[in-house]
Amino acid sequence: MAIGSGTDLDDAQAADLLELYPNAPASRRRLRLPRSPKVIIGLALLIGFGVLAVIGPWIAPYNPAQTFSTTASFPQPPSAAHLLGTTQQQQDVLSQLLAGGRSTILVAFVAGLIATVLSVIVGVTAGYAGGLGDDLLSMLANFFLILPALPLLIVIFGFLPPSQGGDDVLIGLIIAVTGWAFGARVLRAQTLSLRTRDYVESARIVGERGWRIISFEILPNLIPILASSFLFTVLYGVGTYTALAFLGLVNPNHVSWGGMLFYAQVAGAEQSGYWWLFLPPGLAVALLGTSLALLNFSIDEFINPRLRAAGLSRRRARRAGVTETARPPRRFVLGVTPVLRSVPPAGDDGRPR
Amino acid sequence: MYVISRRIGFYALTAIAAVTVTFFIPRVMPGNPVSAVLAKMQGTVVTKQTLAALQAEFGSDTREGLVGQYLHYWNDILHGNLGISTSNGMVPVTTVIRGALPWTLGLVGTATVISFILGTLLGILVAWRRGSWLDTLLPATTFFQAAPYFFLAFLAIDLFAIRLGWFPAVGARNTLDFPAFDWTYASDVLDHAILPALTIVVASAAGWIVGMRNVMITTMDEDYVLIAQAKGLPKRRVIWYAARNAILPSISGFSLAIGFVVSGALLTEIVFSYPGLGFILLSAVQEADYALLQGIFLVITMAVLIANLAADFVYVYLDPRTRQEA
């Protein structure tokens, strides 16, 4: 695999990754993220989709709503004029694909952002406060975690008039309300473990206020987990928004990938072999989801170095000093790891010597 | 037992909260069941009595007040009355749901069990043989997991049902009436269930694989695994020791997974026109049948809660530490 052999991040990608960890101290700027194909493929795809979200509607060859023929009654297969064919309504599929990315990506990121803020507020507060407040907030999170989200969203959107069903930010907000609980639970567990650390204790003894301890001592150490839960929620937002649009619950005049799948279903695309109606939007959603999931894996491996060793081949692992008998030092526990703790200078394999 | 009774208490509270949420959504959102029915009755003269009767039927009788409506709603639910379904000729919602529930339970239940067992076994294998070609399985399964369920369903129908003609593309059985329960009928149902079930398994197995692999890798570094290896126990025994400890988080993570699987399965049913809850959910959405919509949500929520309770029982049975706590 050509991409797999290039294990080094180039500077541009490293800079992008650093945006995930803006608060990392300068000494840590030498990136210790796993140099695996996962990161590179995931980042490249995600950046590509980001660019598409911005310029997509402009580079679309036609207006996605434009009807090209009033006589043809079936979707037309790909041709020179319409590279991905036309829909049942004789609209250009390629233009819809390019224009539909913006809405899908925007909703997902709005949902991820709002859900992450909510999960920090609930999760960190619960973990730091403890006692009755913790019990109540944890129960709230567990309640939202257990509630089947999609049926709930279908009920909510079912009551929403179609005119209001096309507002990307509103949709993102509603999705976020059902998607913050997982992050809150993970953040709470980590905060709980950080709360009793010496440096937090000493800050408390010095007389720092609670909000200051939370935002300057605890939050910086939660950033990898925050990034992971943010990506997870964006992934959830992509899937959920696509599903809602697929069900026709979003304003049908609003171009999105899920909406394209809705019209594919209406046209009976899977029964009649109109693959160009469902394959492009479906693949786009799947690739966007894959890129987010790959990045999430990489953050998992960053948090838990043992998973990282698993990504090496036997030969490379042996060269890096990870053999069956000499495994990486057992300093980390899954889920509750001091992720940005000071460690000895890293060797060239990214692992402390 | 303390742990179990605590969990039952939590699920009971969750159930109450779910009913409350279901009660308030129509009252907070702009849509209105009464006006939806009135819109369908366009042309007929709506008298005051008709309006009052409709309001009473949908539990939005303005004379009752909010608290009265809420108590009324609870009374109805406890008596198994979920209202009437306007899109199915005004039959009770419970009747509509009762017709669809067995199909969903059969399909989703079987697919979830298969996916859990298959995913967990693969996860163990991938963790044990880490660094081998099996690691390439992960990005592939990630793709299937990231793809929307219904997209996979589209692909499955196009490829296996239409182009290859191996399986039927839609529905759950050929005959419409209920014939004798014999082999022909059973094989017909099975034939129709294979593609939808396959879609759900392929899409949901990735979660179990990754979860199991990650915990398994951590567990394999434990001292007792090292000792088991040092004693020269057969590899199978060593894997067994590690795996049965690593499986615990998978079971406790069940609550997150089951929600995803159920949601995905609903969409799969829609693509396959499989006559389960997902299918009638779509028609309820399209026909603005609010009572049916709420009823389906409540039934799904209760099913998820029961599945979670079952997972908790299994967890307490498997992990002695939870029993000692009490």
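Taking 0.36 nm per intervening residue step and subtracting the Cα-Cα distance, what contour gain separates B:Met302 from B:Arg236 on full extension? Please report the intermediate quantities before stating the final value.
Values: separation 66, 0.36 × 66 = 23.76 nm, distance 3.94 nm.
Once the chain is fully extended between B:Met302 and B:Arg236, it gains 19.8 nm.
Restricting the trypsin sites (Lys or Arg not before Pro) of the stretch A:145-217 to loop positions (DSSP other than H, G, I, E, B) with no more than 15 neighbouring Cβ atoms within 10 Å leaves A:Arg197, A:Arg209.
Ligands, DNA and RNA excluded, the heavy atoms of B:Asp319 present near 10 Å² of accessible surface to a 1.4 Å solvent probe. Per-residue 3J(HN,Hα) values for the stretch A:42-59, derived from phi via the Karplus relation 6.51 cos²θ - 1.76 cosθ + 1.60 with θ = phi - 60°, read x, 5, 4, 4, 5, 4, x, 5, x, 4, 4, 4, 6, 9, x, x, 7, 8 Hz in sequence order (x marks Gly and Pro). Note on A:275-286: average number of Cβ atoms from other chains within 10 Å of each residue's Cβ is 4. Is the stretch B:283-326 rounded, prolate or oblate when judged by the Cα gyration tensor, a ≥ b ≥ c being the square roots of its eigenvalues, rounded requiring a/c under 1.5 and prolate requiring a/b larger than b/c? Note, shape of the stretch B:283-326 comes out prolate.
How many Cβ atoms of partner chains, on average, are near each residue of B:10-21 if near means within 10 Å of its Cβ?
Working: counts 4, 2, 0, 3, 7, 0, 0, 6, 5, 0, 0, 5.
Taking the mean over all residues of the peptide, I get 3.
Hydrodynamic radius of the stretch A:215-283 by the Kirkwood approach over all distinct alpha-carbon pairs: 14.0 Å. Taking the Cα centre of the stretch A:177-299 as reference, the dipole from Cβ charges on Lys and Arg (+1) and Asp and Glu (-1) amounts to some 380 debye.
Taking 7 Å steps out from each Cα toward its Cβ at B:Leu134 and A:Asp135 produces label points 4.5 nm apart.
Relative protection proxy for B:90-96, B:134-140, from highest mean packing down: B:90-96, B:134-140 (other beta-carbon atoms within 10 angstrom).
Among the trypsin sites (Lys or Arg not before Pro) found in the stretch B:196-290, those both in a DSSP coil and sparsely packed, with 16 or fewer other Cβ atoms within 10 Å of their Cβ, are B:Lys231.
Along the stretch B:108-117 the Karplus relation, 6.51 cos²θ - 1.76 cosθ + 1.60 evaluated at θ = phi - 60°, assigns HN-Hα couplings of 5, x, 4, 4, 5, 5, 4, 5, 5, 5 Hz to successive residues, with x for each Gly and Pro.
Proximity of backbone amide H atoms, modeled 1.01 Å from N, is registered between B:Leu82 and B:Val93, B:Thr94 at under 5 Å, excluding neighbours fewer than 5 places apart on the same chain. Taking Cα centre as origin and charging only the Cβ of basic (Lys, Arg, +1) and acidic (Asp, Glu, -1) residues, the dipole magnitude of the stretch A:192-232 rounds to 100 debye. Spatial offset of the stretch B:97-159 relative to the stretch A:222-260 amounts to 21 Å, using the alpha carbon center of each.
What is the mean number of Cβ atoms from other protein chains located within 10 Å of the Cβ atom of each residue in peptide A:136-149, rounded to a whole number?
On the way: counts 0, 0, 0, 4, 1, 0, 5, 6, 2, 5, 14, 10, 14, 4.
Mean partner-chain Cβ count within 10 Å for A:136-149: 5.
For the stretch A:152-269, a/c is not less than 1.5, where a ≥ b ≥ c are the root eigenvalues of the C-alpha gyration tensor, and a/b tops b/c. That puts it in the prolate class. Treating r as the C-beta distance of A:Ile47 and B:Ser5 and R0 as 60 Å, the FRET efficiency rounds to 0.70. Sorted largest first by accessible area at a 1.4 angstrom probe radius, with every protein chain in place, the residues A:Ile41, A:Ile59, A:Ile156 fall in the order A:Ile59, A:Ile41, A:Ile156.
What's the local net charge at A:Met260, with K and R +1, D and E -1, over the other residues with C-beta under 14 Å away? Residues near A:Met260 contribute -1 overall.
The values are calculated or read from the model by the stated rules, or taken from the named source; none is laboratory data. What you are looking at is a predicted structure, and each value in this text was computed from that prediction instead of being measured. Counting neighbours? That spans all protein chains shown, and the Cβs are built from the backbone with ideal geometry, glycine included. The protein model used for the area step is the full one, side chains on, heavy atoms only, and it has no ligands, DNA or RNA in it. Shrake-Rupley method; radii C 1.70, N 1.55, O 1.52, S 1.80 Å.
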